[in-house]
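Heads up, the thing below is written out as structure tokens.
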Amino acid sequence: MAEKWEFTRETPRRIAIYGKAGIGKSITSGHLSAALAGMGEKVMQVGCDPKRDSVALLCHEIMPTILEQFKMVDAETDEPVEMSEELLDKVIFKGFNDVVCCEAGGPRPGIGCAGRGVLVAIQLLEDYNILQKYDVSFAIYDVLGDVVCGGFAQPMRAGNAKEIYLVTCGEPLTLYITNEIFKAVKRINGEGVEVGVAGLIDNQRMIAHEAEIVEAFAERVGVPVIEHVPRSVKVQEAEAEGKTVMEAFPDSDQAKVYRSLAKKVLENKYVYLPDPLSGMDEILQLAKEYIGK
Ligand code: ADP
Ligand code: MG
């Protein structure tokens, strides 16, 4: 049985959204931020993926990043250079529903370590007390989870986020990456950091028996499924307008799903220490039970 406990409530509350590249972390984070803000929270979203498109729909365009704007990391020493509160303020933006938006950014492909960039950017937000300065009550870190190296693990460390949500779907490769992130959470928790998994968000690819596969996986590892989010053409239609569904189609069924997700996240009190599966073999075995049913 996975261990369960009530996490320490803090203001601002910080959560991290992890998952495989392309699974829908930024879409989910952006819609969750917009929905939480609509419920009265003062939300900040921090993009922690070199893809740097986390807050694009909230801001209606791709925004300059902390790293890129100031070429902040010295290539030789890896230390931040030339930073000041005024400069940092220039890469913090107000998006839809007054969500406070920022992108960590990353080095140019092939140069430097993306994880290191995320680590430096998050540390700067803390050093300059940005969450307090903008009176944030709820911070969402949108983090690439294909590699959970030092930088990408940073949102879980140093008390940045006690609650981790994983965006997943019923495809075995995605469940494999999800399972690897569980292993990382377990390892970091084992080092004495108060971090646990709050649950899975099933961002569906609409494969056969998807909800059943994700539920079965969740039960095996001992964490809840917070929401099954259907794949919806409304997401693409809104995206084409550079907006979230919350802004473009607030009365749509998809917007209702995101409001339901936001309500559950807001009311959540518990996190779990997952019991990961051994690896791909076990995941394929689990999926096989549903294939061809
Ligand atoms: P990630 O941040 O995990 O790399 P994104 O959030 O950018 O992935 O999602 C990738 C693309 O998948 C989006 O640009 C969007 O078009 C599509 N997408 C994600 N979730 C949904 C959904 N629920 N319905 C329809 N399209 C989706
Ligand atoms: Mg993303």
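The values are calculated or read from the model by the stated rules, or taken from the named source; none is laboratory data. Because the structure is a prediction, the values reported are computed rather than measured. A quick note on method: Cβ atoms are made from the backbone with ideal geometry, for glycine too, and the neighbour counts reach across all protein chains shown. Protein only, heavy atoms only, side chains kept; ligands, DNA and RNA dropped before computing areas. Shrake-Rupley method; radii C 1.70, N 1.55, O 1.52, S 1.80 Å.
Being surrounded by fewer than 21 Cβ atoms within 10 Å (Cβ to Cβ) and modelled with pLDDT under 80 is true of residue 111. List every residue pair whose Cβ atoms lie under 6 Å apart, where the two residues are 6 or more positions apart in sequence or sit on different chains, the first residue falls within the stretch 19-30 and is touching a residue at least 40 places away in the same chain (Cβ under 8 Å) and under 13 Å from residue 103 (Cβ atoms), and the second residue, located anywhere, is open to solvent by 10 Å² or more (accessible area, probe 1.4 Å) and more than 8 Å from ligand 2 (Cβ to nearest atom). Sorted first by the residue in the stretch 19-30, then by its partner, the pairs are 30/57. Remark: pairs (first residue in the stretch 217-232, more than 19 Å from residue 207 (Cβ to Cβ); second residue within 16 Å of ligand 1 (Cβ to nearest atom) and assigned to a strand (DSSP E or B); Cβ separation under 7 Å; 6+ apart in sequence or on different chains) = 223/200; 226/165; 226/200; 226/201. Which count do you get for residues in the stretch 250-262 that are more than 12 Å from ligand 1 (Cβ to nearest atom) and either open to solvent by 20 Å² or more (accessible area, probe 1.4 Å) or touching a Pro at 6+ places or on another chain (Cβ under 9 Å) (or both)? Total satisfying the criteria: 5.
If you check 239, 267 for being within 16 Å of ligand 2 (Cβ to nearest atom) and surrounded by fewer than 17 Cβ atoms within 10 Å (Cβ to Cβ), only one passes: 239. Can you find a residue in the stretch 208-224 that is open to solvent by 30 Å² or more (accessible area, probe 1.4 Å), at pLDDT 95 or above and within 16 Å of ligand 1 (Cβ to nearest atom)? Within the stretch 208-224, one or more residues are open to solvent by 30 Å² or more (accessible area, probe 1.4 Å), at pLDDT 95 or above and within 16 Å of ligand 1 (Cβ to nearest atom). For the stretch 136-157, the criterion of being on the phi > 0 side of the Ramachandran plot and at pLDDT below 95 is satisfied by no residue at all.
Within the stretch 21-45, if we keep just the residues that are assigned to a loop (DSSP other than H, G, I, E, B) and more than 16 Å from ligand 1 (Cβ to nearest atom), the residue that is surrounded by the most Cβ atoms within 10 Å (Cβ to Cβ) turns out to be 41.
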